[in-house]
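The structure appears right after this line, and notes come after that.
The values are calculated or read from the model by the stated rules, or taken from the named source; none is laboratory data. For clarity, every value in this text was computed on a predicted model and none was experimentally measured. Ideal geometry is used to build each Cβ from the backbone, glycine not excepted, and the neighbour counts take in all protein chains shown.
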């Protein structure tokens, strides 16, 4: 019987994802470098808006609340959600860097990133490194199937058809 020897993961490998990030193609075709975010630490530090309380309250008492109150809570919850998404996106993007004003060559404003891309980045940021690598590989395969336009045929006139 063959014995397998386990090797301890080096500290450099533990740090690699946090320090170097992971290059990930988005479904839009744009490519970004993401670093992980520790949501638990952010929540415990009080740096993130509390979007779960209104959700829980609505779940428990939503049917008893009047429509105006429910609508106000839903609008407030949506605002909190988008604030959270924008904050996380700005934190996890290593390339391009998100700035609040006057972007330089390697920088963007949060408004330069579409809502779809921000939500995708937010979702990806919560995955472990292995999940990001698997997502990147899956997206690369999908992007290989997309035509670059080089082989597209030019429209031609068909014989016998005159307009």
Filter the range 110-126 down to residues that are under 16 Å from residue 84 (Cα atoms) and without any contact (Cβ under 8 Å) to a residue 40 or more places away in the chain and give me whichever is surrounded by the most Cβ atoms within 10 Å (Cβ to Cβ). 113
Test set (1) farther than 22 Å from residue 17 by Cα; (2) modelled with pLDDT of 90 or more - residue 117 fails condition number: (1)
Go through 85, 89, 98 for me and flag whichever is in a strand (DSSP E or B), closer than 22 Å to residue 17 by Cβ, in contact (Cβ under 8 Å) with a residue 12 or more places away in the chain and under 14 Å from the mean Cα position of the chain (by Cα). 98
Out of all the residues in the range 1-43, which are at pLDDT 90 or above, part of a loop (DSSP other than H, G, I, E, B), within 17 Å of the chain's Cα centre (by Cα) and at negative phi? 26, 27, 28, 30
Residue check for residue 97: out of contact with any helix residue (DSSP H, G or I) (no Cβ under 6 Å at 6 or more places or on another chain), at pLDDT 95 or above and loosely packed, with under 15 Cβ neighbours inside 10 Å: yes
